[in-house]
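Below: one structure, written as structure tokens.
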Amino acid sequence: MSPAFSADDERFMRRALELARHAADEHAEVPVGAVLVLDADVVGEGWNHSIGGNDPSAHAEILALRDAGLRLGNYRFPGSTLYATLEPCVMCAGAIVHARVARVVYAAADPKTGAAGSVFDTLLSDRHNHAVVVQAGLLAEESGRLLRNFFASRRG
């Protein structure tokens, strides 16, 4: 699940990390960012906004998909790659499958609600009518540290 990553993969994940930092620093949200890329262009971006938006569905991945839908005038993104700083949850995994995202690259695994193999296999299920390639671990330490520091500061 973690073959070699390209320079573009790292560049797009770094952008997702910028969005995650923005979520924490500017909005006091859990630092998760997501970037949807199609044909080497960013077509959607999002960061967690559940707290400020009073919206349990406002996860970074969902907001990146919504942004792409508005920009592209479509709800499906075949051939796209979604970069997320945290392993998608079940809700996000379902939206990713319905959006026909081809590939998901995530940084840190989520040992509580991850749906790309950590806890649930939702994104990887062969029962879907659409298969998603999943690659894990790109800049995982940086993303994990960002999350750990955020939660430590909230507890501290």
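The values are calculated or read from the model by the stated rules, or taken from the named source; none is laboratory data. Everything numeric here is computed off the predicted structure, so don't read it as measured data. All Cβ positions, glycine included, derive from the backbone under ideal geometry; neighbour counts span all protein chains shown. In case anyone asks, the SASA skips ligands and DNA or RNA and just uses the protein heavy atoms, side chains included. Shrake-Rupley method; radii C 1.70, N 1.55, O 1.52, S 1.80 Å.
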Residue within the stretch 62-81 that is over 13 Å from the mean Cα position of the chain (by Cα), at positive phi, at pLDDT 95 or above and assigned to a loop (DSSP other than H, G, I, E, B) present: yes
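What number of residues within the stretch 7-18 are open to solvent by less than 60 Å² (accessible area, probe 1.4 Å), out of contact with any helix residue (DSSP H, G or I) (no Cβ under 7 Å at 6 or more places or on another chain) and of a type in the set (A, V, I, L, M, F, W, C)?
As a first pass, look at the stretch 7-18 and keep what is open to solvent by less than 60 Å² (accessible area, probe 1.4 Å): 9, 12-13, 16-17.
Applying the additional criterion that residues be out of contact with any helix residue (DSSP H, G or I) (no Cβ under 7 Å at 6 or more places or on another chain) yields 9, 12-13, 16.
Pick out the ones that are also of a type in the set (A, V, I, L, M, F, W, C) and you get 12-13, 16.
Final tally of qualifying residues: 3.
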Pair list, Cβ < 8 Å and 6+ apart or interchain, from the stretch 62-80 residues that are of a type in the set (Ser, Thr, Tyr) to residues that are open to solvent by 80 Å² or more (accessible area, probe 1.4 Å): TYR75/HIS98
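Could you tell me which of the residues PRO111, PRO88 is assigned to a loop (DSSP other than H, G, I, E, B), within 23 Å of ALA24 (Cβ to Cβ) and free of Cβ contacts under 8 Å to residues at least 24 places away in the same chain? Spell out how you get there, then give the answer.
Details: PRO88 fails: free of Cβ contacts under 8 Å to residues at least 24 places away in the same chain.
Exactly one residue qualifies, and that residue is PRO111.
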If only one of ALA4, ALA68 is among the aliphatic types (A, V, I, L, M), more than 25 Å from ARG155 (Cα to Cα) and open to solvent by 60 Å² or more (accessible area, probe 1.4 Å), which one is it? ALA4
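What about VAL32, is it farther than 16 Å from GLU87 by Cβ and hydrophobic (A, V, I, L, M, F, W, C)?
Details: farther than 16 Å from GLU87 by Cβ: no; hydrophobic (A, V, I, L, M, F, W, C): yes.
Against the criterion (farther than 16 Å from GLU87 by Cβ and hydrophobic (A, V, I, L, M, F, W, C)), VAL32 does not qualify.
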Could you check GLU29 against (1) acidic (Asp, Glu); (2) within 13 Å of the chain's Cα centre (by Cα); (3) not in a helix (DSSP H, G or I) and say which number it fails? (2)
Restricting attention to the stretch 124-149, report how many residues are closer than 22 Å to VAL35 by Cα and at pLDDT below 95. 3
Subset tally (residues that are surrounded by fewer than 18 Cβ atoms within 10 Å (Cβ to Cβ) and either among the acidic types (Asp, Glu) or closer than 14 Å to SER143 by Cα (or both)) for the stretch 21-52: 6
Identify, please: which residue in the stretch 71-97 is crowded, with 23+ Cβ neighbours inside 10 Å and of a type in the set (A, V, I, L, M) and is, among those, nearest to PHE120 (Cα to Cα)? ALA93
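Assess whether ASP121 counts as being on the phi < 0 side of the Ramachandran plot, in contact with an Asp or Glu (Cβ under 6 Å, 6 or more places away or on another chain) and open to solvent by 20 Å² or more (accessible area, probe 1.4 Å).
On the way: on the phi < 0 side of the Ramachandran plot: yes; in contact with an Asp or Glu (Cβ under 6 Å, 6 or more places away or on another chain): no; open to solvent by 20 Å² or more (accessible area, probe 1.4 Å): yes.
Judged against the criteria, ASP121 is not a match.
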Using the structure shown, decide if ASP55 is closer than 24 Å to ASN149 by Cα, open to solvent by 70 Å² or more (accessible area, probe 1.4 Å), over 11 Å from the mean Cα position of the chain (by Cα) and not hydroxyl-bearing (Ser, Thr, Tyr). no
